[in-house]
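Read through the structure below, which is laid out as structure tokens, and then see the notes.
Since every read-out is calculated from the coordinates, none of them should be taken as a lab result. Given the structure is predicted, the values throughout are model-derived calculations rather than measurements. Positions of Cβ are generated from backbone atoms using ideal geometry, with glycine treated the same way; all protein chains shown enter the neighbour counts.
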């Protein structure tokens, strides 16, 4: 396992990064069925992916399979999590404690995915002071200062579209380096800030288009 | 505008389909700034995308730009929505009225994105009978029958991972043709069923990996 930890993880393509969590899902299921080793072919079959692609993705994690047996499942899950930096937890602030924000605060599994939301912020006075899943909702005015003092690197935006840019600016002022954006708006940020858009509508368009095609 | 409606929309790549909603976001902002025409260069600049790619994506909508002026913004929004089938509303059932499910039921904007959730289902008796955003939570036992009778085509899965496959099977039994899956599990479905995975972890991995790289 040391090999994995010592290996310098290279920057991977977004498509590879989006596939890696799906491999974990399959590996966990295989593990629950008492299976100890998995091959890239097996994983590719389960997901309906090309096995050469799966092999390349797994090679990028630095985990080495055993001849004839394949990958030790525990080791491979560990290697994928390391590649995604899910073996560390990064502190995050969330802004917008509406229905989606509250749902995200309620997710217990994000801590398995490297995300540790330590505070939430709101501009709506009636929500300030609420406690959602042990996380206190604070006034938005405190965001930049607290992010700076606490060296928080990730910001989660779950405010309406017309407030999102202002919130992003406050986050960046506070030294936040990566924004997970759920607001349906394109954020303008400096080059050194990472934005990952998680708008549900981007995914929904794929579904509604394909369904319309299939019913023709 | 008739040209757009009459045109046979071709099956587009997933990557194009995921970009189209982002163009709508930009176009709506430009519109709010009283701008009436937009070029593919302008949209590409706003989003930091390649302008040739944007031009190709927009060509797929069938909307024709005007020389020197570019695309009439209203017409282009309309054309993109038509391509995504967002000018129709498709009835959907949601299963799993936990925190994420409730947040999704609370989203008023999905109706702008072609999705009309008309009922929710739960296996937890204490939740059955609840009304969330005017939608009644029904017992899961009624799912297949009601989907079949009401010709519902889209199913949204927001149950925990270990219940998702069973729910997918019930949806398919009821004739549901497209599944929007939020459960962190790979669903096994027949070839004629469309699955669009919307697990938040897939998006989160991109963010945590890139952030770790940038802090090295």
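At residue B:192, with labels set 7 Å past Cα in the Cβ direction, how many nm apart are the copies from this one, shortest first? In ascending order, 5.7 nm.
Remark: mean inter-chain Cβ contacts per residue of B:108-117 equal 3, using a 10 Å Cβ-Cβ cutoff to other protein chain atoms.
Can you give the relative contact order of chain A as a percent, counting alpha carbon pairs under 8 Å and 6+ residues apart? Walk me through the numbers before you get to the answer.
On the way: 313 pairs, mean separation 28.7, N = 216.
So the answer I get is 13 percent.
The Cα-based radius of gyration and maximum Cα-Cα distance (Dmax) for chain A are 19.9, 62 Å. Thinking of segment B:58-125 as a set of Cα atoms, what percent of all their pairs are more than 16 Å apart? In whole percent, the long-distance tail amounts to 59. Within 10 Å of the Cβ of each residue in A:32-42, the mean number of Cβ atoms contributed by other protein chains is 0.
Which of rounded, prolate, oblate describes segment A:10-95, given a ≥ b ≥ c as roots of the alpha-carbon gyration tensor eigenvalues and a/c under 1.5 marking rounded, otherwise prolate only if a/b is larger than b/c?
Values: a/c = 1.79, a/b = 1.52, b/c = 1.17.
Prolate is the answer for segment A:10-95, as a/c is 1.5 or above and a/b outweighs b/c.
Scanning chain A for the beta carbon that comes closest to the axis linking it by rotation to B yields A:103, 2, distance in whole angstrom.
Of the DSSP beta bridges with both residues in chain A, give the percent that are antiparallel, rounding to the nearest 5. Here the antiparallel bridges make up roughly 20 percent for chain A. Viscosity 1.306 mPa s, temperature 10 °C: what is the translational diffusion coefficient of the protein assembly as shown from Stokes-Einstein with a Kirkwood Rh over Cα pairs, rounded to a whole number of µm²/s? Diffusion coefficient, whole number: 69 µm²/s.
With both bridge residues required to lie in the protein assembly as shown, what share of the DSSP beta bridges run antiparallel, to the nearest 5%? Please list the in-between numbers first.
Working: 10 of 52 bridges.
Roughly 20 percent of the DSSP beta bridges within the protein assembly as shown come out antiparallel.
Beta-bridge orientation, segment A:90-202: approximately 10 percent antiparallel, per DSSP, counting only bridges with both partners inside.
Shortest first, residue B:111 label-point distances to identical copies amount to 3.9 nm, with the label point at 7 Å from Cα along Cα→Cβ. Hey, what angle do you get for helix A:73-83 against the long axis of chain A, alpha-carbon based, 0 to 90 degrees rounded to 10? Between the helix axis and the principal axis of chain A, the angle is about 40 degrees. Just to confirm the number: angle between the C-alpha axis of helix A:200-214 and the first principal axis of chain A, 0 to 90 degrees, nearest 10? Computed tilt is about 50 degrees. Inter-chain Cβ neighbour count for B:17-23, averaged per residue, equals 6 (cutoff 10 Å, partner chain atoms only). Evaluated at q = 0.16, 0.22 Å⁻¹, a Debye calculation over the C-alpha positions of segment B:90-202 (equal weights, vacuum) places log10 I(q)/I(0) at -0.64, -1.31. Take residue A:67, push a point 7 Å out from Cα through the beta-carbon direction, and compare it with the same point in every other copy: 6.9 nm, smallest first.
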